[in-house]
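Engineer: Here it is: the structure, laid out below.
Nothing in this text is a laboratory measurement; each read-out follows from the coordinates by a stated rule. Note that the coordinates shown come from a computational prediction; the quantities given were computed from them, not determined experimentally. Here the Cβ is made from the backbone with ideal geometry for all residues, glycine too, and neighbour counts use every protein chain on show.
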Amino acid sequence: MRLARDTLHALAAEYVVGTLRGRARRRLEAMARADRDVAAIVERWEAELTPLAERVSPVEPPARVWGAIEARIAAPRSAAGSSADAFWRTFGMLAAGLASVLVVAFLWLSPQREAEPVFVAVLTASDAVPRMVVSMHAGNEMRIRVVKPWQGTEGKSLELWALAKNGAPRSLGLVGNEHDTLLRVSASDARLLAANALAVSLEPRGGSPSGQPTGPVLCSGSIAATRKT
Amino acid sequence: MPSLDAEQSRLADLLARSALGDRAAFGQVYAATRSKLFAVSLRIVRERPLAEEVLQDSFVSIWNHAADYAQAKSAPSTWMTAIVRNRSLDVLRRPREEADIDESLTANLVDETASPPRSLEERDTAHSLRECLGELDAPARQSIALAFYHGLSHSELAGHLQRPLGTVKTHIRRGLLRLRECLERGAATAAVRS
């Protein structure tokens, strides 16, 4: 589903000028992550207009800002462990990164309302690169699209988890690494109603033996409703 | 004083080293850009503590994504300015008091005196952008400038300019459409890609 090119240009221009705000802004960011052509249009407007912003008189920030930056970049850029602790540590880190980055519906203004998903989640890795897009459709169908597969997962399985604010992650099933997956699950399933984010972990072949994630989190993202249900 | 071209390629080099984990190189990126970027954010968010937060978050993001710069087609300072502008706009939620609007900047989006163009190629681009901005009618140019430099939303613009919201939206939309048409006309000469 693609927006007309003129509409994309109009949205991208208002994005760069700054009048595109809130959810509309998030949506365009998610679209740009999922679609190279959209990203190119945004980049083009940025290349045209952003240099104008540099024509302001400099203002010196206080020294404490650099101190805070240094403290925050002292940690390694990414971490992967194999315990449940590592799962939550990694997820927490991702969630913090996500706040500035992303996620929401990338389908909007759809002329075909019935084709619109109930919710969307763009799952990104710790480097903020989108790896999977999960969309929940009417008719108990969850689609997991692979944006960028992982290397070196032979002999292992990828497992999708529903993450709730409170409580342990709950498995939604195994998903493919090289190919898209359709899961039969209802949007009103208890696991999804309680969830505010989704994550994929690397597990032994056949899935986690314990019913809880045991391997590193490969990617995660918040759930974003695309319409009122 | 090094030329601006040399400054940009030095920044690109420092970013590449930052991507490999070189904190000293990253410190030099910060030293070279902090005061411009702080000013960019301050104009939009208007409160120093908030602008400090934006600068901090932006540089953590620049550190984490320094490797992505290699794929960016823009100058390093443009890439970093876009990150700071986006972060500034993200933290703007509430409507703000009318204050501190720099009329000299907004009156003329095409101010040439503030900063010289960086290179011959950018001078051409800047020239065509300048011409195109010059083609816009005054209300559109003013609305776009206020939004761009000061982060005013559609409704804040309507309040500031005392015009109906719909009118302001139309001015901006039409202005940007004209800008695009004009830039694309110039694309034949100025290597502007669509």
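Engineer: If you wrap a convex hull around the alpha carbons of region A:1-46, what volume per residue comes out, as a whole number of Å³?
Structural biologist: 61
Engineer: Trypsin sites (Lys or Arg not before Pro) within region A:1-30: which are DSSP loop residues with at most 13 other Cβ atoms inside 10 Å?
Structural biologist: Here the sparse-neighbourhood loop sites are A:ARG2.
Engineer: Pull up all non-local amide H partners of A:PHE119: gap of 5 or more, or a different chain, and H-to-H distance under 5 Å with H placed in the peptide plane.
Structural biologist: When sequence neighbours closer than 5 places are left aside, the close amide H contacts are A:MET136, A:THR226.
Engineer: While we're looking at this one, here's another question. Do the alpha carbons of any pairs in A:LYS148/B:LYS169; B:LYS36/B:LYS169; A:LYS148/B:LYS73; B:LYS73/B:LYS169 sit beyond 32 Å of each other, and which pairs?
Structural biologist: Long pairs (Cα-Cα over 32 Å): A:LYS148/B:LYS169.
Engineer: Once you have a ≥ b ≥ c as the square roots of the Cα gyration tensor eigenvalues for region B:1-51, tell me rounded if a/c is under 1.5, and otherwise prolate or oblate according to whether a/b is larger than b/c.
Structural biologist: oblate
Engineer: Another question about this same structure. Please report, for the Cα atoms of region A:171-229, the Rg to one decimal and the Dmax as a whole number; what are they, in angstrom?
Structural biologist: For region A:171-229, the Cα radius of gyration and maximum Cα-Cα distance read 12.7, 38 Å.
Engineer: Extent of region A:1-78 along each principal axis, from alpha carbon coordinates, in Å, largest to smallest?
Structural biologist: 46, 36, 21
Engineer: Would you grab the residues whose amide H sits under 5 Å from the one on B:LEU152? Only those 5+ places off in sequence or on another chain, please, with H modelled 1.01 Å from N.
Structural biologist: B:ALA147
Engineer: If you plug each phi of region B:7-24 into the Karplus form 6.51 cos²θ - 1.76 cosθ + 1.60 with θ = phi - 60°, what whole-Hz ³J(HN,Hα) values come out, in order, with x for Gly and Pro?
Structural biologist: 4, 5, 6, 5, 4, 4, 5, 5, 5, 4, 5, 4, 4, 8, x, 7, 5, 5
Engineer: Here's a follow-up. Kirkwood hydrodynamic radius of region B:4-91 from all distinct Cα pairs, in Å?
Structural biologist: Hydrodynamic radius (Kirkwood, Cα pairs) of region B:4-91 is 12.9 Å.
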